[in-house]
Amino acid sequence: MPNHVKDAPEPCVLVIYGASGDLTARKLIPALYQLDQQGRLPEQLCVLGLARTEMSDQEWREHLQPWVQRHAEGFDPNHWAWFAGRLHYLAGSATDADLYPVLIARINDLAREHRMHRTGDVSGASPWVAQPNILFYLAVAPELISPIVQRIGEAGIIAEGKRWCAVDPASVPWQRIIVEKPIGHDLASGEEINRAIGRVFEEEAVYRIDHYLGKELVQNLMVMRFANTIFEPLWNNQYVDHIQVTAAESVGVGKRAANYYDRAGATRDMIQSHLLQVMALAAMEPPPSYDATAIRREKIKLLDSVRVIRPADAMKHGVLGRYGPSQDAYDTDGGAGYADLPGVDPELGTETYSALRLFIDSWRWAGVPFYIRSGKKMARKLTEVVVQFKRPPAHFFRDIEPFRSGGVRPANRIVINIQPDEGVSLRFEAKVPGPSLRIESVKADFDYGYVFSAKPLEAYGPLMLDAMRGDQTLFKHRDELSCAWRIVDPFITSGPLKRGIHTYGPGTWGPEASDRLLAEMGHVWHNPAVQEKR
Ligand code: BG6
C-alpha cells in the first residue's frame, strides 16, 4: 500500500459507466493505477464499473490487468494486487430505472466497505445510509448521456442541499459528473444534452473532459503567454501573420470506424473538441487570475468571436479528405482505404482529414487566419501550434541571398510542440559566419523532457484528480461547447463540402487541396520532415 500524499482529494466512489469499453481499459484504469502508485489517490477511494456485460468483480479485474500492464508505466504485480481490491463491478443497463436502487445499495455497501461513512442526511428523504461522495464518469456514447443523467436525477442520488450552499460545505457529500466527448453531433443535439445535464447537476458539478487540456504543453501555452512579457506584445495582428494548429496521427481508424468514427469524422472528433480548445488557449485574452471561472470566461469570449460562416461558404474555407488504400505491410488497417473499412457507409462521406480556415473578429486578431487541421494516417504523429510572424516591414536585406531570389522562408516563427516531442522552438534569421553577408534561418529549441527530466503524465489521471478536488479549470463550460458546435456546424452540414471530399495517400500530409487553401493567402503548412526533430 502506498503512502498517501497530503493533498489527496476527499474519498469518493468513482462510478464508471461504460466499464467494459475501450476507454476504461486503455486510459482510465491505467491512469488511476498510476495515480495510486504515486500515492495521489485518497486511501478509501473505490471504483465501481458499470456496463451491460455480465462479470464479477474478479472477472473485471482480470479483464483490466493486461491493459494496465501494457499502458501504465512501472507496473508492479504486488501493487496491482492491492489496487485491484478497489475495483468493483456491477452489470446492468444504465438507462433502466430498475438498476438504480441496486446501484444505490451497491454504492452504500462500498462506502461502508471502504470506510467512507458520512453522517447526516441532507434532504431528510435521502436513500443514503452512508452518503459517500460520488463521482460519475460517463464513458458512453453521446445518445446515452441524457437518459443516464435523467435516471441519476430520478433515483434521488443528487443531494438536495448543494455543497456550495451549505454552511459547512465539508459536511455535505458531493456528487459530480465527468462527461466524455462527443457531447452531441451538432449544435442542437449538444445543447439538448447540456440542458438534460443541467436539469440534474449544477454547472459547478459538471466536468466536461477534454484530454487535450490535460496535456502539459497545452497548459504550458498559458504559462508561456502569461508568465512572460516577451511574447504577449507580439501576440496580435500587428505582428502575427497567421496561426496553424495541427493534430496529425499516423494510424488509421481501424475498428472504431463501425461503432463511432463513421458517424463523427475528423471535424467533430478532433476539431470541434480538442483543437478549438487549443486555439482558444493560444488566442484568448489574459484572464484576470488563474482560476476556472476566469479562464473559462476568456475561452468563451474568444470562441464566441470566431466568425461563423454561412454553410454556402464552407467550400471556400474548408477541405475534407479521406485516406486511400495503403501498400505498407505494417498498415494499421491491413491496407484498406477508409471507405473500404468494415462498417463504413461510403454514402456518409465521412472525412478522416479536415482543414478549416477560421477568422477571429476581435481587435487583437482581425485579419489573421487561423488554420486548423487534423487527419488520420498522415506523415507522422504530431500536435503543434505554429505562430508565424510577419516579415519585417522595411525589408532591409531584400538584396541579400536568399531573400533576393524570393521563395518561402521558414523564419520568424514559434512552434509549440504539444506532442510527441514536447517543447517550444523559435526560428529566426541569423548571419552565416564568414566574410560576406549570408543569412540562414536557425532554430532555438526548448525540449520539455530534457529540461525537466520528466515524461508528461497521461492526461486522464490528473484530470480525474482535478474533478475529485472540485477544480474545473481544465474542463469545459457548457457555453464553450455551444460556441464550438456553432463554429463547425456550417462545415459539417455542407453538402458540397462533403461531396467534394478528396482522397489522400496514407503517410502524406493530406490532400493537395488543403495546400491550396493556405496558398490562397500566400501561406504554407508547417510539415516537418518525418525524422526532423523540430
Ligand atoms: C480522441 C479521438 O479524442 O483523441 C481519437 O477520438 C484520437 O480519434 C485521439 O485518436 C487522439 O488523442 P492523442 O492524445 O493521441 O492525440
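The values are calculated or read from the model by the stated rules, or taken from the named source; none is laboratory data. Everything numeric here is computed off the predicted structure, so don't read it as measured data. Backbone-built Cβ (ideal geometry, glycine too); neighbour counts: all protein chains shown. Accessible surface areas use protein heavy atoms only, side chains included; no ligands, DNA or RNA. Shrake-Rupley method; radii C 1.70, N 1.55, O 1.52, S 1.80 Å.
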Excluding S453 itself, calculate the net charge of residues whose Cβ lies under 13 Å from the Cβ of S453, where each Lys or Arg counts +1 and each Asp or Glu counts -1. -1
Using a 1.4 Å probe over the heavy atoms of the protein chains, calculate the carbon and sulfur portion of the accessible area of the chain as a whole percent. 53 percent
Computed over the Cα atoms of the stretch 251-322, the Rg and Dmax in Å are 15.8, 45
Assuming a ≥ b ≥ c are the square roots of the Cα gyration tensor eigenvalues, decide whether the stretch 421-534 counts as rounded (a/c under 1.5), prolate (otherwise, with a/b larger than b/c) or oblate. oblate
Distance in nm between label sites at S189 and R438, each 7 Å beyond Cα in the beta-carbon direction? 5.8 nm
In whole Å, largest first, the alpha carbons of the stretch 259-372 cover along the principal axes 52, 33, 24
Could you name the aspartates and glutamates in cross-link range of K455, using Cα to Cα under 18 Å and dropping any fewer than eight places away on the same chain? D36, E73, E216, E384, D421, E422, D445, D447
Determine which lysines satisfy two conditions relative to K301: a Cα distance under 26 Å, and not lying fewer than 8 residues away in the same chain. K181, K215, K316, K390, K476
So how far, in whole Å, is the C-alpha centre of the stretch 44-114 from the one of the stretch 247-301? 30 Å
Which of rounded, prolate, oblate describes the stretch 166-241, given a ≥ b ≥ c as roots of the alpha-carbon gyration tensor eigenvalues and a/c under 1.5 marking rounded, otherwise prolate only if a/b is larger than b/c? oblate
What are the semi-axes of the equivalent ellipsoid of the stretch 196-327, taken as the square roots of 5 times the eigenvalues of the Cα gyration tensor, listed largest first and rounded to whole Å? 29, 22, 17
Among 336-344, 227-235, 258-266, what's the highest-first ranking by average C-beta atoms within 10 angstrom per residue? 258-266, 336-344, 227-235
Karplus 3J(HN,Hα) series, Hz, for the stretch 178-190 with 6.51 cos²θ - 1.76 cosθ + 1.60 (x for Gly, Pro): 9, 10, 7, 6, x, 9, x, 10, 6, 4, 5, 6, x
Can you check what the Kirkwood hydrodynamic radius comes to for the chain, Cα pairs only, in Å to one decimal? 25.0 Å
Less than 15 Å apart at the alpha-carbon level, and either on another chain or at least 8 residues along: which aspartates and glutamates does that give for K431? D399, E401, E440
Taking the Cα centre of each part, how many Å lie between the stretch 318-369 and the stretch 177-216? 25 Å
C-alpha long axis of helix 57-71 to longest principal axis of the chain, angle in °: 20 degrees
Taking H placed 1.01 Å from N in the peptide plane, check which residues at least 5 places from V368 or on another chain put their amide H under 5 Å from its amide H. I360
Nearest 5 percent is fine: what portion of the DSSP beta bridges confined to the chain is antiparallel? 55 percent
Could you give me the ³J(HN,Hα) list for the stretch 312-323, computed from phi with Karplus coefficients 6.51, -1.76, 1.60 and θ = phi - 60°, whole Hz, x at Gly and Pro? 5, 9, 4, 4, 6, 10, x, 9, 10, x, 9, 6
Using just the helices of the chain, give the 222 nm mean residue ellipticity in deg cm²/dmol: DSSP H runs with n ≥ 4 each add -39,500 (n - 2.57), and the total is spread over all residues, rounded to 500. -8500 deg cm²/dmol
If exposed means GluC sites (Glu not before Pro) lying in a DSSP loop and surrounded by at most 16 other beta carbons within 10 Å, then the longest stretch of the chain lacking such sites spans residues 203-519
Could you list which residues have their amide H under 5 Å from that of T503, counting only those 5 or more apart in sequence or on another chain, with H placed in the peptide plane? R322
For Y100, the net charge from surrounding residues (Cβ-Cβ under 9 Å; K, R +1; D, E -1) works out to -2
HN-Hα couplings for the stretch 501-512 via Karplus (6.51, -1.76, 1.60; θ = phi - 60°), in whole Hz with x for Gly/Pro, come out as 4, 9, 9, 10, x, x, x, 10, 9, x, x, 4
List every residue whose amide H lies under 5 Å from the amide H of G49, counting only residues 5 or more places away in sequence or on a different chain, with H placed 1.01 Å from N in the peptide plane. I16, H88, Y89, L90
